[in-house]
Structures are given as structure tokens and as C-alpha cells.
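Before any comments, here is the structure.
The values are calculated or read from the model by the stated rules, or taken from the named source; none is laboratory data. Keep in mind that what you see is a predicted model, and the values were worked out from it rather than measured. Ligands, DNA and RNA are excluded from the accessible area calculation, which covers all protein heavy atoms including side chains. Shrake-Rupley method; radii C 1.70, N 1.55, O 1.52, S 1.80 Å.
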Amino acid sequence: MSIHINANPDDIAETVLMPGDPMRAKWAAETFLEDAVQVNSTRGMLGFTGTWKGQRVTIHGSGMGMPTLSIYVNELIRDFGAKTLLRIGSCGAMQEHVSLRDIVLPQTASSISTPSSSIFRDVNFAPVADFAMLRAADNAARVLGVTPHIGGIYSSDTFYDERPDLNEQLTRHGCLAVEMETAELYTLAARYSVRALTVLTVSDHLLTEESLPSEERETSFRDMIQIALTAAFADAS
Ligand code: HPA
């Protein structure tokens, strides 16, 4: 039991998938896991543990934004022994060649700040994905007939951004997409020597202003979860 996760020590698996939305965690657990049981509901943040192809997996919401994700990731690692954490989420495309429904695998995530920024003082720490899982996710996507975009993304502190000039510079420097969690996830993974990877689906486009119809979000979510689970256990098979 930790402050925000009302679970017993053995209730959480070493591998944790983290969608932002707790109801997505429920849907993903019911759709992909066998024998899934709910292990957390504190503050409405749902977590479930079950098995996928015989491997124990927890699917737990992260909430939106880095401060919230940071709370759950800290507790999952420090209090429950999580060793492999994968964010599954949506992003806004920042390049012409990145389209709605595409999969983005972030190698790194730029940010203005993260909950961890202050410990680095003047250093802009460069958070990175676990390379073995990144490579496995690339392979898993290609098996599904999907060519993912691999590169840098931007983890923003704001969804309703008032800085179009900032987005322009990030686009100019090849940033693939914007979301709100990965820079802190990768930083915490580095701090605690655990593995982390984010798998994203493009739900909206900053340049064209298109967005994915809600009925299509589920299909794209399926590919993303399949890719994340395959990457998490690639070295176990
Ligand atoms: N901005 C920030 N986070 C996001 C976006 C966005 O446009 N789309 C999905 N997550």
C-alpha cells in the first residue's frame, strides 16, 4: 500500500502499462488480459493486474501531465517494485509527414520543465527510451503492418498552449509530436535503473488541425497496446 495506490505489495506486476485515462486502463485490462483483477481505485485512478500470454502485467492509469504521472511512477517503482513501465497514449503531430493514426515511438522527449528538473540545476537532462524495448516495439509495429515514426517528441506542461512560436521551433527542429508525460517517465526510469518506453498514437494534428473521430480511437489503441506488450516481453520469448 502506498499513498496513492491502495494495493497489497504483491498485487502489482513488474511490468506496468500506463494509459493516461483510468477508464482506458479498465478497457485495456478487460480486452487484453486474462484473469484481470482491480488493484487500485484511490482517487478514481484505476489499476488492474492479470496475465498476457502467461506473463503478469499491471495496467494502471497515469493521469494527465507529468506531475500526476510522476506520483504513480514513483510509487509503482519504489513501493511496488515495478521494473518495466510503458506509457500508452495519444499525441498531437508536429510534422507534415506524421499523420493521424500513425504510431510514434519517442527516443527522447524535450520539455520546458519536468517534476525532476530542479535536481539537475543548470543541466538540461536528456531523457531516453530503453533501446531494447524501442527496437522490439519497432519490430512489433512492422509485424502489424505499421511503420512507426521514431525520434524526439515534446512533453508539454500545457494542453492549451499560448506559445505558437515555441511549437514552430520544435517543428523546425524535427520534433515529431507533443504529449504531456514522457520526459518525466524516462527521467524516473533513469533514476531508478528500470526500463521505460512510450508508445503513442497520433490523435490530432497541430499543423492541419485534424483530429481522430472518437470511434476510431479504440482501433488505434489496440495496435498500440499490442506493440507495447510485445516490446515489454520481447526478451522473454
Ligand atoms: N497537446 C498536448 N498533449 C496532447 C495533444 C496535444 O495536442 N494531443 C494529445 N496529447
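Annotations
- Across the range 9-236, Cα pairs under 8 Å and at least six residues apart give a relative contact order of 26 percent.
- Semi-axes of the equivalent ellipsoid of the range 151-215 are 24, 16, 11 Å, computed as sqrt(5λ) over the eigenvalues of the C-alpha gyration tensor in descending order.
- Distant-in-sequence amide H partners of Asn40 (H built 1.01 Å from N, under 5 Å): Gly47
- The chain, accessible surface, carbon-and-sulfur percent (1.4 angstrom probe): 49 percent
- For the range 62-198, DSSP calls about 20 percent of its internal beta bridges antiparallel.
- Degrees separating the helix 214-232 axis from the principal Cα axis of the chain, which is the longest one: 70 degrees
- Relative to the compact-globule estimate of 2.2 N^0.38 Å, the Cα radius of gyration of the range 9-236 comes out at 0.94.
- Using alpha-carbon coordinates, inclination of helix 22-32 to the longest axis of the chain, degrees: 70 degrees
- Shape analysis of the range 73-141 yields a ratio of the Cα radius of gyration to the Kirkwood radius, Rg/Rh, of 1.00.
- Between 0 and 90°, nearest 10: helix 66-78 axis offset from the chain longest Cα axis: 30 degrees
- Helical contribution to [θ] at 222 nm, DSSP H n ≥ 4, -39,500 (n - 2.57), averaged over the chain, rounded to 500: -10000 deg cm²/dmol
- Expressed to the nearest 5 percent, the antiparallel share of DSSP beta bridges inside the chain is 40 percent.
- Heavy-atom accessible area order for Ser211, Ser220, largest first, 1.4 Å probe: Ser211, Ser220
- Whether the range 84-202 is rounded, prolate or oblate, judged on the alpha carbon gyration tensor where a/c under 1.5 counts as rounded: oblate
- Average accessible surface for the range 9-236: 47 Å² per residue, computed with a 1.4 Å probe over protein heavy atoms with every protein chain in place.
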